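J.: Sharing a structure below in structure tokens format, with a few things to ask.
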Amino acid sequence: MTDDPPPQPLRKMSRRHKALAWTGGFAGVVAIALALFLILFDWNHLRGPIARYASMRTGREVAIEGDLQVMLLSLKPSATVGKIRIGNPKWAGPGQTARIERLHVQIEALPLLRGRVVLLKLEAARPNLLLLRDLQGRTTWDFSNGRKTDEPLRLPPIRRFVIDDGRLKFTDAKRKIVLDATLNASETQGAANRGFLMVGKGSINAAPFLLEVTGGPLLNIDPDKPYPFDADIRAGATRVLAKGAILEPFDLGRFAMNVTARGPDLADLYDLTGVTLPNTPPYRLTGRMTRHVNVWKIVRIGGRVGDTDLAGELTVETARERPFLRADLRSKQLDFDDLAAVFGGAPAVGRGETVSPEQAAVARQMQAQKRLLPDATLKVDRVRAMDADVKYNAASVRDAMAPLRSASAHVRLDAGVLTADPVSFDLSKGRIGGVVRLDARKDTPVTSVDLRLTNARLEQLFPMKTGGTPLTGSFVGRIKLTGAGASVHRAAANANGEVLAVVPGGEIREAFAELLGINVTKGLGLLLAKDKGKVPVRCAVAHFQVKDGVMTANRIVFDTGPVLGTGKGSVDLGSERMNFRIQGHPKEARLVRLTAPITIKGPLTEPKIGVESGRAIAQGGFAALLATVAAPLAVVLPFVDLGLAKDAACGALIADAAREGVPVKVTRR
């Protein structure tokens, strides 16, 4: 018998094996061919397409003028690009943002399977960066091509980072910053074993600007360990020292550092930070600063501003339309004269006071001009540039004109409108409080002030240096003014509103009450005898209407048991001069009659007290005698009139003041 044919299944298996062999062979040939292609392919043919794609994505010209070498067949693929040129965006005009002589990049392939990029090497030879920020805030390093992004620069982990002979030129037209710096990064930098070094100099607002940033070694960087760095920044007389770390190298959106800053004025930090801070005396502050993407935070703030200690924390959020600052600050003791700098004036310049040379010059100028209100121009663009919510509390206050015990304020800044509500100064008895509002939305800012004095005591507000309490009683008042102007002085010179002061009742030494009516024989005799007897003060009211910066008294009344005093006059806030005429009216007949009223004239800082010249020139000598015995109060009070006066309508006067908003109780009879 003939042999049987092979089984059909074996034939089928043979065909399947042949198909697999052909497929495997073809795949192998393709793989070999692809490998040979990748090895032998001249990658320079792709320079043009790659550059055109990059240009399309960034909206600017990108060119590769050197060799392009790529090594893909490796677990550590790499690429080297020669002579990269990146042009400016159209708005910046002709020029280049960056030129790099050679860029070498090597990555790990396996982490890509997990969606993670790890740079084994990043080496840049002679990078030349020309960075620009214009007045509108546009930047040449924004490669989003019109896609708005506030994200900080995030580089993947880099194991070996080398920058050879780098150059950075930075110009910020908005903050008036110019910087020319060198960049170098290698495994070590000198004996200090530094891996990164950037050193530069330039100017900020025409003041010298120096910058030095150093980092740790750049060999075998662990992406899970913070990368340390130090920074030393000097801008004019301002100096900032920082010691910190990038928490995840090299994610520049997350880092932490200890910061020490000192300088003549906190407002100068705007040029460096873009954050609007008030004018201050010289400061030295420390704190712990952290950044988490678009949130900057400073905690454990400590140090001094002028002669005031300062502590607390603050946060700045930059992702909003305008940066938003939130702060909670406090002082154990506020040196009151330090507040003068906030309004453009100068702190006290006496011995032991902390003041910058510029502020000392302002103080001398204001003193020479006999000025009280500062005329420094408010920078409205800074007020409009950010929003804020700031709380401040001072546990105690020293060197104030009044016996202040503590102070606090809650300040909000929203779209160019600054509101301090409430502002509060606590007295040992009584309180000054209210609202201050600054509207800087227009070219000329408008300031509104509404302050009330409640439950105060005359004997505490106006103590006598020689001892004793010649005048006692409760004291209340209200200031309500609105004025347009870019400085405190200009706003006051255009102010409208009213000022009221009320003494609902009290006591005055009888000697001064008699001199108010210029009962020379009795009043002077009581003073010489050191008599401390008192008579009642029925009431005292002063009401000023303010129009176009001129305070005009339409009612000045001081009613005591024996004498009624009345007056008139004005204060010109523009020229900062006063002119008052005060007359006393005795309620009983007096032996001596002096008819010349008392005048108070001159600058607000140095008013002169005198006797109105005219019919009674000889009374001037008598006024001088009074000045030597009971100055200054006796001379301020008006001279005698034999005409008998009636009691003032105190109830009606106080009721009128209450209707005007003065915090005074009205007694109904």
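J.: Using the structure shown, decide if L339 is within 14 Å of the chain's Cα centre (by Cα), farther than 21 Å from R234 by Cβ and not in a loop (DSSP other than H, G, I, E, B). Full working, then the answer.
T.: On the way: within 14 Å of the chain's Cα centre (by Cα): yes; farther than 21 Å from R234 by Cβ: yes; not in a loop (DSSP other than H, G, I, E, B): yes.
So L339 passes the test.
J.: Looking at R133, R102 in this structure, which one is over 17 Å from P157 (Cβ atoms) and over 41 Å from the mean Cα position of the chain (by Cα)?
T.: Values: R133 fails: over 41 Å from the mean Cα position of the chain (by Cα).
Selected residue: R102, the only one of R133, R102 that is over 17 Å from P157 (Cβ atoms) and over 41 Å from the mean Cα position of the chain (by Cα).
J.: Looking only at residues in the range 259-286 that are among the small types (G, A, S) and modelled with pLDDT of 90 or more, which one is nearest to D134 (Cα to Cα)?
T.: Selected residue: A267.
J.: Additional query: Within the set of pairs 6 or more residues apart or between chains, which connect a residue that is closer than 18 Å to T318 by Cβ and outside the structural domain of V488 (by TED's automatic domain parsing) inside the range 380-402 to a residue that is modelled with pLDDT of 90 or more and of a type in the set (D, E) with Cβ atoms less than 6 Å apart?
T.: D387/D414
J.: Inside the range 296-306, can you point out the residues that are in contact (Cβ under 8 Å) with a residue 24 or more places away in the chain and either surrounded by fewer than 16 Cβ atoms within 10 Å (Cβ to Cβ) or in contact with a helix residue (DSSP H, G or I) (Cβ under 6 Å, 6 or more places away or on another chain) (or both)? Lay out the reasoning, then the answer.
T.: Taking the range 296-306 as the starting set, the residues that turn out to be in contact (Cβ under 8 Å) with a residue 24 or more places away in the chain are 298, 301, 304-306.
Across the range 296-306, the qualifying residue is only G306.
Residue-by-condition table, conditions (1) of a type in the set (S, T, N, Q); (2) modelled with pLDDT of 90 or more; (3) assigned to a strand (DSSP E or B):
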residue: T2; (1), (2), (3): yes, no, no
residue: S14; (1), (2), (3): yes, no, no
residue: I32; (1), (2), (3): no, no, no
residue: G48; (1), (2), (3): no, yes, no
residue: V70; (1), (2), (3): no, no, yes
residue: I84; (1), (2), (3): no, yes, yes
residue: L103; (1), (2), (3): no, yes, yes
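J.: Within the range 428-459, how many residues turn out to be assigned to a loop (DSSP other than H, G, I, E, B) and surrounded by fewer than 18 Cβ atoms within 10 Å (Cβ to Cβ)?
T.: Total satisfying the criteria: 6.
J.: Same structure, new question: Looking only at the range 154-178, how many residues end up being at pLDDT 90 or above, of a type in the set (K, R) and farther than 30 Å from D224 by Cα?
T.: Residues in the range 154-178 being at pLDDT 90 or above, of a type in the set (K, R) and farther than 30 Å from D224 by Cα: 1 in total.
J.: Regarding R85, is this residue under 30 Å from L73 (Cα atoms) and surrounded by 17 or more Cβ atoms within 10 Å (Cβ to Cβ)?
T.: Yes.
J.: Out of everything in the range 323-352 that is of a type in the set (D, E, K, R) and modelled with pLDDT of 90 or more, what residue ends up being nearest to M401 (Cα to Cα)?
T.: Taking the range 323-352 and keeping what is of a type in the set (D, E, K, R), we get 326, 328, 330, 332, 335, 337-338, 351.
Narrowing the set further to residues that are modelled with pLDDT of 90 or more leaves 326, 328, 330, 332, 335, 337-338.
On the way: R326: 31, D328: 26, R330: 21, K332: 19, D335: 11, D337: 9, D338: 13 Å.
Among those residues, the one meeting the criterion is D337.
J.: Would the range 502-515 turn up any residue that is outside the structural domain of L427 (by TED's automatic domain parsing), assigned to a loop (DSSP other than H, G, I, E, B) and modelled with pLDDT under 85?
T.: Within the range 502-515, one or more residues are outside the structural domain of L427 (by TED's automatic domain parsing), assigned to a loop (DSSP other than H, G, I, E, B) and modelled with pLDDT under 85.
J.: Go through (1) under 17 Å from the mean Cα position of the chain (by Cα); (2) not in a loop (DSSP other than H, G, I, E, B) and name the single condition V362 misses.
T.: So the condition that V362 fails would be (1).
J.: Given the criteria assigned to a helix (DSSP H, G or I), within 26 Å of D443 (Cβ to Cβ) and among the basic types (K, R), does R382 qualify?
T.: Values: assigned to a helix (DSSP H, G or I): yes; within 26 Å of D443 (Cβ to Cβ): yes; among the basic types (K, R): yes.
It is true that R382 is assigned to a helix (DSSP H, G or I), within 26 Å of D443 (Cβ to Cβ) and among the basic types (K, R).
The values are calculated or read from the model by the stated rules, or taken from the named source; none is laboratory data. It should be emphasised that the depicted structure is a prediction, and the values quoted were computed from it without experimental measurement. Heads up, the Cβs are rebuilt from the backbone with ideal geometry, glycines too, and the neighbour counts pull from every protein chain shown.
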